[in-house]
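Beneath this line is the structure, given in C-alpha cells, with notes to follow.
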Amino acid sequence: NSPRFEPERYTDRAKLTVNKANPNLKAKYDRARNYLEREQQRKLAEQEKRKQEAKAIQEQEKQAFFARKALREQGKHDEANKMLEAEKRNRPRSR
C-alpha cells in the first residue's frame with residue numbers, strides 16, 4: 001500500500017520550508033509574481049482599449065457610409081464623393 005500522492009500538500013510544505021529558510025527568496029518571488037500579474041493586467045487593459053477603439057472606428061465608418069448613401073439617394077453625388085475623399089485623407093494608415 002503506497003501513500004496517495006497529493007502534489008498540493010507537498011508543494012505547500014516545500015514552500016513553507018523554503019520561506020522559513022530564506023525569507024529574502026520569498027520576497028523576491030512575491031515581487032516577481034506581483035510584477036507578472038500587473039503586466040498581465042496592463043496587457044489585458046491595452047487589448048480591451050484597442051478593441052474599444054476599433055469598435056468606435058467601425059461605428060464611425062458605418063455612420064459615414066449611411067450618410068453618403070442618404071446623399072446619393074437624394075441625388076447629391078458630388079457631396080457624397082467629397083465626403084469619401086475627405087475620409088480617405090483622414091483615415092490613419094493601417095498597421
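The values are calculated or read from the model by the stated rules, or taken from the named source; none is laboratory data. Values in this document were obtained by computation on a predicted structure and should not be read as measured data. Please note: Cβ atoms are built from the backbone with ideal geometry, for glycine as well, and neighbour counts cover all protein chains shown.
Brief remarks on what is shown
- Among the numbered conditions (1) surrounded by 11 or more Cβ atoms within 10 Å (Cβ to Cβ); (2) within 23 Å of the chain's Cα centre (by Cα); (3) not aromatic (F, W, Y), the only one that L84 does not meet is (2).
- Residue list for the stretch 21-70, filter: more than 30 Å from M83 (Cα to Cα) and of a type in the set (D, E, K, R): K26, K28, D30, R31, R33, E37, R38, E39, R42, K43, E46, E48
- Selection of the stretch 68-81 for residues being surrounded by 13 or more Cβ atoms within 10 Å (Cβ to Cβ) and either touching a Lys or Arg at 6+ places or on another chain (Cβ under 9 Å) or not charged (D, E, K, R) (or both) yields L71, E79, A80, N81.
- Of all the listed residues (R9, R72, R38), the sole one being modelled with pLDDT of 85 or more, of a type outside the set (D, E), out of contact with any Leu (no Cβ under 7 Å at 6 or more places or on another chain) and assigned to a helix (DSSP H, G or I) is R38.
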